[in-house]
2 protein chains.
Amino acid sequence: MSTAELNEDVKIVLKELENRVITDVFFVACGGSLAVMYANKYYLDRHSKALRSSCYNADEFVYRNPAALSENALVVLCSQTGTTSETVKAAKFAKSKGAVTVGMTVDKHSALAKEVDYVLGYEASYTTGIPIDAVNSNYSLMYQLDAGLVKIFDGVDRLPETISSLANLQAVIDKAHLYYGEMSTRFASELKDEKVVYTMASGLSYGSAYSYAICVLMEMQWIHSQAIHAGEFFHGPFEVLDETVPFILLKGMDETRPMEERAHEFLKKYGGKLMVLDANDLDFSGIHEEMKAYVTPLVLFEVLWKFSYKLAELREHPMLEARRYMKKFAY
Amino acid sequence: MSTAELNEDVKIVLKELENRVITDVFFVACGGSLAVMYANKYYLDRHSKALRSSCYNADEFVYRNPAALSENALVVLCSQTGTTSETVKAAKFAKSKGAVTVGMTVDKHSALAKEVDYVLGYEASYTTGIPIDAVNSNYSLMYQLDAGLVKIFDGVDRLPETISSLANLQAVIDKAHLYYGEMSTRFASELKDEKVVYTMASGLSYGSAYSYAICVLMEMQWIHSQAIHAGEFFHGPFEVLDETVPFILLKGMDETRPMEERAHEFLKKYGGKLMVLDANDLDFSGIHEEMKAYVTPLVLFEVLWKFSYKLAELREHPMLEARRYMKKFAY
């Protein structure tokens, strides 16, 4: 796909930023959208000497009011519907401090879109079920933005390989679904009566483990959970493990993989119910060597998402309808 | 206590840093020691325009290898015994990058102490049971270091009120134990047969909620848990709540308290088993107005720690002896 081009919305933001002094990037969102941000801090941590970044829950960001939030800050916010009230409030707050605000949302006319300086419109199939091309996903737009930031502020241009990789991402996801189809059917039936299921990962994949624990297992299936960091596992959490406690382990391709491998060895030895998604088993054709690690969190989350529907069916607990509180009451 | 003075070990570090250009502070540790670091990022986020900070699990830090890790970085590490291998490795790694390294440990002759440029020797009673004065705790030394950093690099001197407050901290903790004695006895008996117990907090107290979930509930009592961020609670986790699911909620005095109050309202309405530790109920005599919020995480953790012994006794699951894996095998 040599014709792949920089996303139009991202292009506009980068054009503006060329003329600004930016020293700080704040990644601000709630829940599943916050989870996406963790991979972007990882990207900037690894690739930028010029920029410092932090991830915050939107309310935490506003109340904490970091001293570094100024006209030299870029604040990137995300809300799928664009209606998350804490995130809309955070956008307004960031603007009042003189920061440049970028809002990622599926609805370009949403409250978040109206509040920010620049909108990145992305696509998502989670609530509609209508298939998308992953080049238009939130991860894709974020990595294009990250690579653009590093080009402007560090003078290193990774945009070409970033863009061409993201153009080929959907095919990787489609093949991952096929590869894990059988295993996820088997594991759904093994897991259907469980009351507690942990997820685990490190580095780039930690956000996917977090999102899956809080937005799918807890929210959509009412299963107790925690996303355990694979390095932290050995400093307390591992003591709950015996052969009856189920774990979903994500093994990525980033620099922190040895932590996930260490956790895997331990789980094999002392655990029993274990689903492992290992990016090394997948076909990353069309993805640049350096980008394989970065696309992994989305690929693994997509596999888990499909797995969830099998689990939900066996549990007779529908993914999108079974809610006690969410959007049912004021809170 | 007008005679209160800056800790001698901290004084030596600050003296050295006066002549360095420092732009970044990395807080690096594992488990319960990492939990302490979160409050220190909060401190620098709020008070420093000159310094940027991040908290990392020690292995994550080494593998991630942030681009900003250079001779302009201060790396603060903590391990109670000074033997945590990931943290010792991280100290060595940070030094190889030219960073200034500071190691907090109880044992000034430990592996961590040998690896770092400067040692902060603190006291802890968790494993020995021998009472300490909280002015010598890890939190106390860290806040003295934080205030010193802000004095050097931002030119704002909060050291006098920081030091005088910390000198009076033990009395606050002692009174908190008395205040919560009866409630914690009652709640221990309510909780003794539970398989899942969540903790929740935001801002400064989040680290205490995290430490309590992973090091006490999971590690020492084999109870399933997660430290839920009070803002994130509403974006997934709250769907697991019904009147049978126990929560321990920490309410601090920092800027993020409205999030903990919002979560509290929700728990009162839809939950059932709820232990709330509210710093507003405590006697903070001798603590400077601005420091009350900062000492709260240690005060609340100390109360929880004493509560744990009541719980452990009723569960017949000894706090310090019952381990399946920790320090029993190589892993």
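Every number in this text was worked out from the coordinates using simple rules, so none of it is lab data. What you see is a predicted model, and the numbers here were worked out from it, not measured in a lab. Counting neighbours? That spans all protein chains shown, and the Cβs are built from the backbone with ideal geometry, glycine included.
Structure above, values below:
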quantity	calculated
Between helix A:85-96 and chain A: long-axis angle, C-alpha atoms, 0 to 90°, nearest 10	30 degrees
Dipole magnitude (debye, nearest 20) for chain A, charges at Cβ of Lys, Arg, Asp, Glu	780 debye
Exercise: per-residue mean of other protein chain Cβ atoms within 10 Å, A:253-260	3
Copies compared at B:Gly286 - label distances in nm, ascending, label defined 7 Å from Cα in the Cβ direction	6.8
Order of B:Thr244, A:Thr23 under a 10 Å beta carbon neighbour criterion, fewest first	B:Thr244, A:Thr23
Peptide B:215-227 - average C-beta neighbours from other chains (10 Å radius)	5
Between helix B:138-154 and chain B: long-axis angle, C-alpha atoms, 0 to 90°, nearest 10	50 degrees
Label point at B:Tyr309 placed 7 Å out along Cα→Cβ; residues across the range B:118-138 whose backbone nitrogen lies under 16 Å	B:124-134
Dipole of the range B:1-128, positive end: most advanced residue of B:Thr84, B:Ala29, B:Leu69 [Cβ charges, Cα centre]	B:Leu69
Within the protein assembly as shown, percent of DSSP bridges classed antiparallel, to nearest 5	0 percent
At R0 = 45 Å, FRET efficiency that the Cβ-Cβ distance of A:Ser285 and A:Tyr331 yields, to 0.05	0.45
For chain A, built as a Gaussian network whose Cα springs stay under 10 Å, the top-fluctuating residue of A:Ala50, A:Ala147, A:Ala167	A:Ala50
Full-extension gain in nm, B:Ile130 to B:Lys268, via 0.36 nm per residue minus C-alpha separation	45.9 nm
Candidates B:Leu178, B:Leu69, B:Leu300: whichever shows maximal mean-square fluctuation once chain B is modelled as a Gaussian network with Cα springs under 10 Å	B:Leu178
Zone of B:Val156's modelled label, taken as backbone nitrogen in the range A:62-76 under 14 Å from a point 7 Å along Cα→Cβ	A:64-70
Backbone N under 20 Å from the B:Thr244 label point (7 Å along Cα→Cβ), restricted to the range B:216-230	B:223-226
